[in-house]
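As structure tokens, the structure follows; a few thoughts come after it.
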Amino acid sequence: MSDNLQYLKKIPLFAFLTDEQLAEVDKVILERAYQKGRIIFMEGEPGEAVFFVKSGRIKVTKQTSDGREHILHFINPGEIFAEVIMFDDDGTYPATAEVVEDCTVGLIRNADMERIINQKPGIALGMLRIMARRLRISQQQLIELALLDTTRRAASMLLFLAGEQGTKTKEGIVIDISLTNQDLAQLIGTSRETANRILNDFKRQKAIAVHKGQVTILDKYKLKSWI
């Protein structure tokens, strides 16, 4: 079994395909390696391929009307991204993908992906399910931006990340990404200074601990009390 096949089997989009069908997908996969800080594609660029992460992490961001960067989500190993271009007549990437940890990605060019979908229409349904999930996340972010103050948004986002990216340890729930104050600010729509103040408040309350940019939720109930 090739390295790519092992990853494809773990991606929900392809999980229901037979080994023979996966082997057909494997034939068209290209592999790219990127270092931290590299841009894989920019918002507005022509959409050329669908990607999945083999190792490392990607953050997907969108520029707001006032020029600020807003983080939409983080992409982890085994997850697919940029699939939206398959259903967009505009054919451009709607957001920017930036490497936050050295990564290796697999990519499938549009023409090859369209051929695969035509041969196996069920894949399109899998893509729509993934996009629906991300749409729910984006809608939740918009609701929180509109209705909650910055402290509540920060607490809610940390709890969400703990659920999505968290690992339970004896100290608490470790959010398994390096999250800078600027990252948190971009996630909740505020300034870095405000995000720093809020994190310090959470630390003083012993709700969280921060070490080298990694946040540990020490007491999720204290965080929930801020919401």
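What residue, among those in segment 49-83 that are open to solvent by 50 Å² or more (accessible area, probe 1.4 Å) and closer than 23 Å to residue 7 by Cα, is farthest from the chain's Cα centre (by Cα)? Applying the filter and picking the extreme gives 77.
Of note, residue 89 satisfies the criterion of being open to solvent by 30 Å² or more (accessible area, probe 1.4 Å), at pLDDT below 80, in a loop (DSSP other than H, G, I, E, B) and closer than 30 Å to residue 29 by Cα. Residues that are of a type in the set (D, E, K, R), over 21 Å from residue 180 (Cβ atoms) and touching a residue at least 24 places away in the same chain (Cβ under 8 Å) within segment 210-227 comprise 219, 220, 224, listed in sequence order.
Take residue 138 and decide whether it is hydroxyl-bearing (Ser, Thr, Tyr) and modelled with pLDDT of 80 or more. In short, no.
Annotation: residue 178 fulfils all but one of (1) assigned by the TED database to the domain that holds residue 60; (2) of a type in the set (Gly, Ala, Ser); (3) modelled with pLDDT under 80; the unmet one is (1). If you go through segment 1-58 and keep only what is on the phi > 0 side of the Ramachandran plot and touching a Lys or Arg at 6+ places or on another chain (Cβ under 7 Å), you end up with nothing. For segment 34-48, does any single residue satisfy the condition of being under 19 Å from residue 112 (Cα atoms), of a type in the set (Gly, Ala, Ser), modelled with pLDDT under 85 and surrounded by 14 or more Cβ atoms within 10 Å (Cβ to Cβ)? Scanning segment 34-48, I find no residue that is under 19 Å from residue 112 (Cα atoms), of a type in the set (Gly, Ala, Ser), modelled with pLDDT under 85 and surrounded by 14 or more Cβ atoms within 10 Å (Cβ to Cβ), so the answer is no.
The values are calculated or read from the model by the stated rules, or taken from the named source; none is laboratory data. Bear in mind the structure is a predicted one, so any value in this text is a computation, not a measurement. Every residue, glycine as well, gets a Cβ built from its backbone with ideal geometry; the counts of neighbours run over all protein chains shown. These area figures cover heavy atoms from the full protein model, side chains too; ligands, DNA and RNA do not enter into them. Shrake-Rupley method; radii C 1.70, N 1.55, O 1.52, S 1.80 Å.
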